[in-house]
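Beneath this line is the structure, given in structure tokens, with notes to follow.
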């Protein structure tokens, strides 16, 4: 990274490492730049280091090595209360002994803002999250979704330019979670704030983010836009972690331009796009999305399949098949008019395009 | 409410608006049916509680009730001196004693001497007016030989028999139920005519002692809070392994014998003890002006604080353990300094623990007996020590009961006040 781009970025992690015990690095050499107004999600399984990164940015954890920059200024030695970063916590952390109004005016009080201005700001932010009538309630009297809105309002009320969210929707039920995803996304667009969002829910990440950083083992595996992440995963972990994936392992026999010819362990020979695989003779993993597999015999890769199980899911039918020795090969058959009706135990043909089949690290 | 028409079958079963009480399927009222169904489980639950209930009844409720009764009831006189008790009821306590009263007294004295109860009676009257004990025993010895007129005969034995105060004391003593002991417990005199009178300033002890006990309890509670709060915070925030070790240190006083602890305090605090030696060595004091830290109020407060500290730390710890660290983080992320975050967010969340610990320590301290007895000396004695004194030494059980009754009322009043101000449901023991 050039020094210039670090200065320009709104938030920058520059070779950041973090260890709690001096033996294991939970964050290994993290470099990440976030521009102003961006919505970046840190996505990954638990223990992947994403929350640690967020906590370092908020100031609750100290980086063992490297710099964290906010608006070009290193903030490693700035205490959390001077960073001016809004934060929404996993279980909201609304102060239980204060009313909603008092919770919201707390950040304004500690900033010594006058009473009338405080009341005005609290009223505005409550209206913004559509909770105008709730100023005198206690957090315990609110539902999970309402508490969530108040927590959001509290992080926004003091005009923070950067808002961090640590799995804020984790405690909500599915329907409410989806609605809140849209609301947070819209608030982000309206207010022009920068959001760093941590979640382990990939659909949440894909729905809301401008860019997603997929974490595993303390390393960003891929940083990309949601569609790139799904359609063009760069390594086996991302392919497996984001969305559903069929993996077929084998050895590279030959390379032809952008493509490789792979001898699969099950005997089939497949042609795939070389993305992140080794040289001829190395092992590789082919990734094929279930919805990119067709039930015909005329693609560039075509083979026999034995239908093992059919699950009816309304808009599509999930079909588990044995393909090239793997009996967990999934095909999604859209429930379109005139689609092919399969029967368990039936032998059929499956095929996919070369560009839909990506050769990744084994 | 109008039931939907197409549910007519269900409506006839459950509708209670115009068909009386709701009936179960077999026609009995639903309430009765429910009570029957729940009876077995309720009976079983009650059976499980029964041993404890019986134990509490025998070991706690009955003693307390009998204590309350002791405080107002004393039949030493009325049971042993029936004739004078009867005639005393008609006396107003002001006019001169009559020949009839003397006659009844002589009759009673003869009887009491025969039954060997005269000593107890004399002691009882002596508590009202001191110095009367020997009058009774002397008169009882001679009563058998006395002849009418008894007034003159009695005055012949001792001129004080004409003293109206002695007769007043007898009238008060003759009342089986009287407020005399409660009056004594608040430094007042209960007179034969039913009036109360405060004792002379120099004779007052108990009110001062009650106030002293309350102040000492308050001081101990505050000391426990000041010392215990940081420890509880450490316990709650340190990693498990370290906090377990610390917890053992906190609980150590619980596991140490009271006598060992007290001996340790003596070794520490006496004028040639560890602490004073250190003070002299540091030049804080000189060898001639060593601090007296034990056998006085200071010793009582130090030792009681030490002993009661775990009762403050444990409720505080359990409350603090439940406070998510996210609250403090949230406060800081919102711009609060450590100090503001503590006072505005953390401290209010610990109030239930402070309430529970404070109430526990205060109420325990108010009734504390052994520690003041061992390290309190003259100055550090509390009300409980006087209750014990009246139970064991002076054998004035009624006064002990009255003092105990007042202590109980004070504790209940504090409890009530706490409920009004903080709210008892706010309290958290763990």
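Read the figures in this text as sums done on the coordinates, not as results from a lab. From a predicted model like this one, the values you see are computed outputs, not experimental measurements. With ideal geometry, Cβ positions are generated from the backbone for all residues, glycine too; neighbour counts draw on all protein chains shown.
Classify the range A:1-94 from the C-alpha gyration tensor, please: rounded if a/c falls under 1.5, else prolate or oblate depending on whether a/b exceeds b/c.
Numbers: a/c = 1.41, a/b = 1.10, b/c = 1.29.
Because its axes are fairly even, with a/c under 1.5, the range A:1-94 counts as rounded.
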Inter-centroid distance (Cα atoms) of the range B:116-167 relative to the range A:7-64, Å
97 Å
Could you check the spin-label model distance between residue B:291 and residue B:324? Points 7 Å from the Cα along Cα→Cβ, value in nm.
4.5 nm
Rounded, prolate or oblate: which fits the range B:206-426 when a ≥ b ≥ c are the square roots of the eigenvalues of the alpha-carbon gyration tensor, with rounded for a/c under 1.5 and prolate only if a/b beats b/c?
oblate
When B:389, B:177 are ranked with the fewest other C-beta atoms within 10 Å first, the list becomes B:177, B:389
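Treat the count of other C-beta atoms within 10 Å as a stand-in for reagent exposure and order B:339, B:416, B:161 from fewest to most. Intermediate values should be presented prior to the final figure.
Details: B:339 8, B:416 11, B:161 20.
Fewest-to-most Cβ neighbours within 10 Å comes out as B:339, B:416, B:161.
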Within the range A:30-47, whose backbone N sits under 19 Å from a point 7 Å along Cα→Cβ of residue A:190?
A:37-39
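Can you give the FRET efficiency for residue B:274 and residue B:226, using 1/(1 + (r/R0)^6), R0 = 22 Å, r = Cβ-Cβ distance, to the nearest 0.05?
Working: r = 23 Å, r/R0 = 1.03.
Computed FRET efficiency for residue B:274 and residue B:226 comes out at 0.45.
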Once each part is reduced to its C-alpha centroid, what is the distance from the range B:252-288 to the range A:184-225 in angstrom?
63 Å
How do B:393, A:349, A:18, B:111 rank when sorted from fewest to most other Cβ atoms within 10 Å of their own Cβ?
B:393, A:349, B:111, A:18
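Stretch residue B:114-residue B:208 to full length: gain in nm at 0.36 nm per residue minus the Cα-Cα span?
Values: separation 94, 0.36 × 94 = 33.84 nm, distance 4.28 nm.
Result: 29.6 nm gained on full extension.
Averaged across B:334-346, how many Cβ atoms of other chains sit within 10 Å of each residue's Cβ atom?
6
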Figure the gain on full extension for residue A:362 and residue A:219 (residue separation times 0.36 nm, minus the Cα-Cα span) and round it to one decimal in nm.
49.7 nm
Separation in nanometres of the label points that stand 7 Å from Cα toward Cβ, at residue A:76 and residue A:247:
3.6 nm
Using the basic label-point model (7 angstrom from Cα toward the beta carbon), what is the residue B:65 to residue A:306 distance in nanometres?
8.4 nm
Taking the Cα centre of each part, how many Å lie between the range B:63-79 and the range B:379-396?
18 Å
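If I take R0 = 30 Å and measure r between the Cβ atoms of residue A:232 and residue A:36 in this structure, what FRET efficiency does the formula 1/(1 + (r/R0)^6) give, to the nearest 0.05? Write out the running numbers ahead of the final one.
Details: r = 26 Å, r/R0 = 0.87.
Efficiency, rounded to the nearest 0.05: 0.70.
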Decide, for chain B, between rounded, prolate and oblate: order the square roots of the alpha carbon gyration tensor eigenvalues as a ≥ b ≥ c, take rounded if a/c falls under 1.5, and otherwise choose prolate if a/b is larger than b/c, else oblate.
oblate
At a Förster radius of 30 Å, what calculated FRET efficiency corresponds to the Cβ-Cβ distance of residue A:263 and residue A:318, to the nearest 0.05?
0.60
GNM on chain A, Cα springs under 10 Å; top mean-square fluctuation among A:134, A:215, A:13 goes to A:134
At 0.36 nm per residue, minus the direct Cα-Cα distance, what do residue A:64 and residue A:127 gain on full extension? Give it in nm, one decimal, please.
18.5 nm
